[in-house]
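Let me begin by presenting the structure, written as structure tokens, before commenting on it.
The values are calculated or read from the model by the stated rules, or taken from the named source; none is laboratory data. The model shown is predicted, which means the values in this text are computed figures rather than measured ones. A quick note on method: Cβ atoms are made from the backbone with ideal geometry, for glycine too, and the neighbour counts reach across all protein chains shown. Accessible surface areas use protein heavy atoms only, side chains included; no ligands, DNA or RNA. Shrake-Rupley method; radii C 1.70, N 1.55, O 1.52, S 1.80 Å.
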Amino acid sequence: MSIFSNNIRFLRDKRELSQQSVANELSISRVRYSKYENGVSEPPIELLIKISKYFHVSIDLLVSVDIRKYPVEDMLKLPDNRIVLPVAVDDLGNDTIEIIPQKASMGYLEGYSDVGYIESLQRIALPFLTNGKYRAFPADGDSMPPFRNGSYIVGKYVEGIDELKPGKTYVFITLNDGITYKRFKEKKGNTICVSADNSFYEPYEIPFEEIVEIWQYASGIFPEDFEPGDYDNYNFKEMFRELKQNIKQLDKKVSGRRKSK
């Protein structure tokens, strides 16, 4: 018996269906379908797609995860046929939060769709965070004070771009930038405009097709105190930003005078 055969048998039993009724929906014989449940043979890709759509479970999940361990109806379905595993709890019944490790943050883009990778992550419980799917991401850089290297941003899973609220902060998982924490400004056509709280960095747009996941800021984890002096670097960068703007303005004025002559 394979994971796939166990899964389709489980899904059929859960719906209280006969092998014949499922076979009829798939336009195959009962004997042929029974071979799939018994692990005697495997379906071709075209039929595997039909089985996936019939049970409303992704192909990746059907062939690689023992879904008997999870409440399928509670799994979050994603547009590209991926899933986010349901909320797990600790021994005390508290919801647990998956932690993306600092050193492996770049590997998240390769592992976010791998159920085994997500299951292997360490977890913590924050009792005040409930009623949602949460994940903790490592902060990187200085674009969003007071978060700095070594701290974590806990985000609540957002199902779609339409749920974004102007002025709120989010962890965006994108194909080009990986994990990035920014403040949402507005939608512009097929892009969203985001900005950093550190004014040294200018707002920019992210195309819809580059967005993999979105997590709304819910809490922060700060292993070290953020001292008042830590803001000095941001003020220093702000000075350079203003200087850069002044140079641009001066360049425009000089160019204008040259053209007038």
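Legend: calculated FRET efficiency, Asn176 to Lys53, from the Cβ-Cβ distance at R0 = 30 Å, rounded to 0.05, equals 0.45.
Quick one: which of Lys156/Lys187; Lys168/Lys188; Lys53/Lys188; Lys133/Lys165 span more than 25 angstrom between C-alpha atoms? Checking Cα-Cα distances, Lys53/Lys188 exceed 25 Å.
For the modelled label position 7 Å from the Cα of Glu46 along Cα-to-Cβ, which residues of the range 1-33 have backbone nitrogen atoms closer than 13 Å? Answer for this model: 27-28. Ranked from largest to smallest solvent-accessible area, with a 1.4 Å probe on the protein heavy atoms, Tyr201, Tyr117, Tyr33 come out as Tyr201, Tyr117, Tyr33. Taking amide hydrogens as placed 1.01 Å from N in the peptide plane, the amide H of Gly220 sits under 5 Å from those of Val154, each at least 5 positions away in sequence or on another chain.
Accessible surface area normalised per residue over the range 96-221 is 48 Å², counting heavy atoms of protein chains with a 1.4 Å rolling probe.
If you wrap the range 96-221 in the convex hull of its Cα atoms and look at it from every side, the mean projected area works out to 7.6 nm².
Residues of the range 4-27 with the amide nitrogen closer than 19 Å to a label point 7 Å from the Cα of Asn38, along Cα-to-Cβ, please. It comes to 4-13, 18-24, nothing else.
Note on Arg68: accessible area approximately 120 square angstrom, rounded to 10, probe 1.4 Å, nucleic acids and ligands left out.
For the range 145-189, backbone nitrogen atoms closer than 12 Å to the point 7 Å from Leu129 Cα along Cα-to-C-beta are found at 152-157, 171. A 1.4 Å probe over all protein chains sorts Ile221, Ile211 by accessible area into Ile221, Ile211, starting with the largest. Simple spin-label estimate for Asn149 and Glu205 gives 3.3 nm between the two label positions (7 Å along the Cα-to-Cβ direction from each Cα).
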